[in-house]
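Colleague: Structure incoming, see below.
The values are calculated or read from the model by the stated rules, or taken from the named source; none is laboratory data. Because the structure is predicted, anything quoted here is derived from the model rather than measured. With ideal geometry, Cβ positions are generated from the backbone for all residues, glycine too; neighbour counts draw on all protein chains shown. Calculation scope for accessible area: heavy atoms of the full protein, side chains included, ligands and nucleic acids excluded. Shrake-Rupley method; radii C 1.70, N 1.55, O 1.52, S 1.80 Å.
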Amino acid sequence: MFRTPSSRRKSAQQEVQLNLVPMLDALVTLVSFLLLTMGYMAIAVIDTPAPMVAPAEEQVEKIEKDKPLQLTAHILKDKIIISDWSGSRENHEIKTVPNTAPDAKPDDVRYDLEALHKLLIDIKTRHPKEKQLILKPDADIPYEQIIGVMDAARFFDKTDVVPSNLKTKDVNNGNEVPDTNLFPEVVFGNILSS
Amino acid sequence: MRRSIRNRKSRRKVKKDFDLPLTSMMDMLIILLVFLLKSYSSSAIAFTTSNNIQLPNSMAMEAPPDAANLILEPTGLVLDGEKILEFLNPPASVPSPDGGLPIIRAADATYEIEKHQLRDGNRMITPLFDALVKAREKLQFVQSTQTFVNKDNQVTKPPKFNGTLIIHADKTIAYKVLRKVMYTAAAAEYKTFKLITVKKEESAADGVKKGT
């Protein structure tokens, strides 16, 4: 008796070779095109609502009830004055410090934004419900400085220690979640003045 | 006999073609493609920022919405790609530092506006006001010709005009210019201003390119 001939020899092991080269061509072109057209500049926006000419009636009531600080930052050429509307509850001054940025001229100064940030954290700790900061820059203050003040005022930095009265409990797991908003609503207060 | 063996050997060598393992490369490319397509769609709003202005840096995270774009060029005001006002005494163009097209440096700009184009105690820029009102009315007209349905398929009123204005301005611009622009926009019923900035971490890295 002969053994059945091995089927291995007959069935020539023909591997199906997919021709991937044209597809690869297309993919490489597509990837390079997408990479080139992708925006490299990460753009973000800062929201600032226009001040209301006259507050609505319910807001007047709210103002009378809550007595908000109406915390205002007067940005002057050589200092920033932080005060509430009357200056009786909060009244502070942020001075300028020498600018040590590499592209600055020797006698350039900048606002001490670190001190401003610390001060605002202090004020937020004393008045945890406050969310708004009214900016009143002088006419000649450069835009970049105003943005710098906004940055210092809007959020806690990642490295900041959030005060315990600004932490809320997460309903799901009971962990304390810090509120990272400092004064997120920045409004220009002197748009209407000439 | 010897010859035939040699022949056979050489024949085999010719037939065996070189196989590049392309599958892993394809895997990688497809993943890259999917990622790029995904990031492409998330920034669908096209942004045309002028080469002449340098945006300020900020730590803000919010992405820009789709709204009217106002660019404060050193030579004039541009609303949604249309120049609506020319400033007096615009600065001359200087050769670009990287050898490209000549640029106009916003740091030299004066942003002077002709007296007759201002009103309301020099607080409002008339051509900008007119253009903003026109843009708002155009949007409201387009909305009035369409029907809006909510998720239950009921016809609803068109969405309220939210009055968002995106402001692109150079970082050296003085607040008084910005204030005029914001006053004008507030008068034209634009209630929210979005100040365009460049994210700080990105700008610190070298090779920042202006996207479109």
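Colleague: Can you give me the solvent accessible area of B:I103 with a 1.4 Å probe, rounded to the nearest 10 Å²?
Modeller: That residue has around 40 Å² of solvent-accessible surface.
Colleague: Additional query: Hey, got the average number of other protein chain Cβ atoms within 10 angstrom for residues in A:181-189?
Modeller: Shielding by partners across A:181-189 averages 1.
Colleague: With θ set to phi - 60° and the Karplus curve 6.51 cos²θ - 1.76 cosθ + 1.60, what are the ³J(HN,Hα) couplings of segment B:82-90 in order, to the nearest whole Hz, using x for Gly and Pro?
Modeller: 3J(HN,Hα) across segment B:82-90, in whole Hz: 10, 6, 10, 7, 9, 7, 6, 6, x.
Colleague: Karplus couplings for segment A:109-126 from phi (6.51 cos²θ - 1.76 cosθ + 1.60, θ = phi - 60°), rounded to Hz, Gly and Pro as x?
Modeller: 10, 9, 6, 7, 5, 5, 5, 4, 4, 4, 4, 5, 5, 4, 5, 5, 5, 6
Colleague: For A:T29, A:T96, give the ranking by accessible area with the largest first, probe 1.4 Å.
Modeller: A:T29, A:T96
Colleague: For the Cα atoms of chain A, what angle does the longest principal axis make with the long axis of helix A:57-66, in degrees from 0 to 90, nearest 10?
Modeller: 80 degrees
Colleague: Here's something else I'd like to know. Could you tell me the extents of the protein assembly as shown's C-alpha atoms along the three principal axes, largest first, rounded to whole Å?
Modeller: Over the protein assembly as shown, Cα extents along the principal axes are 113, 63, 60 Å.
Colleague: Here's something else I'd like to know. Once amide H atoms are placed 1.01 Å from N in the peptide plane, what residues at a sequence separation of 5 or more from A:F155, or on another chain, have their amide H within under 5 Å of its amide H?
Modeller: The list, which skips near neighbours in sequence, is A:L182, A:F183.
Colleague: Which lysines have a Cα less than 24 Å from the Cα of B:K38, not counting those fewer than 8 places away in the same chain?
Modeller: Result set, ordered by chain and number: B:K199, B:K200, B:K209, B:K210.
Colleague: How much accessible area per residue does chain A have, counting only protein heavy atoms and a probe of 1.4 Å, in square angstrom?
Modeller: The answer is 67 Å² per residue.
Colleague: As I understand it, the dipole of the protein assembly as shown uses +1 on the Cβ of Lys and Arg and -1 on the Cβ of Asp and Glu, about the Cα centre. Which of B:I71, B:Q117, A:V149 lies farthest toward its positive end?
Modeller: B:I71
Colleague: Among all the aspartates and glutamates, which ones have a C-alpha under 20 Å from B:K160's C-alpha, if same-chain residues fewer than 8 places away are not counted?
Modeller: Filter leaves A:D47, B:D66, B:E137, B:D152, B:E189.
Colleague: Run the quick spin-label model on A:R89 and B:K176: label points 7 Å from Cα toward the beta carbon, then report their separation in nm to one decimal.
Modeller: Using points 7 Å along Cα→Cβ, the separation is 3.5 nm.
Colleague: Turning to a different aspect of this structure: Are any of the pairs A:K169/B:K151; A:K79/A:K158; A:K124/B:K191; A:K62/B:K115 more than 31 Å apart by Cα-Cα distance, and if so, which?
Modeller: From A:K169/B:K151; A:K79/A:K158; A:K124/B:K191; A:K62/B:K115, over 31 Å: A:K169/B:K151; A:K62/B:K115.
Colleague: Next question. May I ask you to list the trypsin sites (Lys or Arg not before Pro) in segment A:70-144 that are in a DSSP loop and have at most 13 other Cβ atoms within 10 Å of their Cβ?
Modeller: Within segment A:70-144, the qualifying trypsin sites (Lys or Arg not before Pro) (loop, at most 13 other Cβ atoms within 10 Å) are A:K77, A:K129.
Colleague: Could you sort B:E112, A:E57 by accessible area so the largest value comes first, with the probe set to 1.4 Å?
Modeller: Output order, biggest surface exposure first: A:E57, B:E112.
Colleague: Averaged over peptide B:172-183, how many Cβ atoms belonging to another chain are found within 10 Å of each residue's Cβ?
Modeller: Counting Cβ atoms of other protein chains within 10 Å of each residue's Cβ and averaging gives 6.
Colleague: Let me ask something additional. Summing Lys, Arg as +1 and Asp, Glu as -1, what charge do residues with Cβ under 13 Å from the Cβ of A:H117 carry, A:H117 excluded?
Modeller: Charge balance in the 13 Å sphere: -2.
Colleague: Ignoring ligands, DNA and RNA, how do B:E73, A:E15 rank by accessible area with a 1.4 Å probe, largest first?
Modeller: Ranked list, largest accessible area first: A:E15, B:E73.
Colleague: Report which residues of segment B:61-104 become buried by 50 Å² or more of accessible surface when going from the isolated chain to the complete set of protein chains (1.4 Å probe; DNA, RNA and ligands ignored).
Modeller: Buried by 50 Å² or more upon assembly, which counts only protein chains, are B:E62.
Colleague: Right, something else. So how far apart, in nm, are the two label points at A:D140 and A:V16 if each is 7 Å from Cα heading toward Cβ?
Modeller: 7.9 nm
Colleague: From the convex hull of the Cα coordinates of segment A:41-194, what is the mean projected area in square nanometres?
Modeller: In nm², the orientation-averaged hull projection of segment A:41-194 is 12.3.
Colleague: With a 1.4 Å probe and every protein chain left in place, tell me how much accessible area B:I196 has, in Å² to the nearest 10.
Modeller: Accessible area of B:I196: about 0 Å².
Colleague: 7 Å from Cα along Cα→Cβ at both B:L118 and A:N173: what's the point-to-point distance in nm?
Modeller: Result for the modelled spin labels: 5.7 nm.
Colleague: Carbon and sulfur together cover what percent of the accessible area of segment B:91-212 at a 1.4 Å probe radius?
Modeller: C and S fraction of accessible area: 52 percent.
Colleague: Quick one: accessible surface of A:D25, probe radius 1.4 Å, all protein chains present, in square angstrom to the nearest 10.
Modeller: For A:D25, the solvent-accessible surface is approximately 90 Å².
Colleague: Additional query: What residues qualify as long-range amide H neighbours of A:R110, i.e. H under 5 Å apart, gap of 5 or more or another chain, H built at 1.01 Å from N?
Modeller: Placed amide hydrogens put A:V97, A:N99 under 5 Å from A:R110.
Colleague: Now for a separate question. Within 10 Å of each Cβ of B:117-125, how many other protein chain Cβ atoms are there on average?
Modeller: 1
Colleague: Hey, another quick one. How big is the Cα convex hull of segment B:65-212 in projection, averaged over all directions, in nm²?
Modeller: Averaging across all directions leaves 11.8 nm² for the Cα convex hull.
Colleague: Please report the carbon-and-sulfur percent of the accessible area for chain A; probe 1.4 Å, protein heavy atoms only, DNA, RNA and ligands left out.
Modeller: Reported share for carbon and sulfur atoms: 54 percent.
Colleague: Out of B:F87, A:S193, A:T159, whose Cα points farthest toward the positive end of the dipole of the protein assembly as shown (charges: +1 Lys, Arg; -1 Asp, Glu; placed on Cβ)?
Modeller: A:T159
Colleague: Find the sum over both chains of the accessible area lost when B and A are paired, probe 1.4 Å, and report it in Å² to the nearest 100.
Modeller: 4700 Å²
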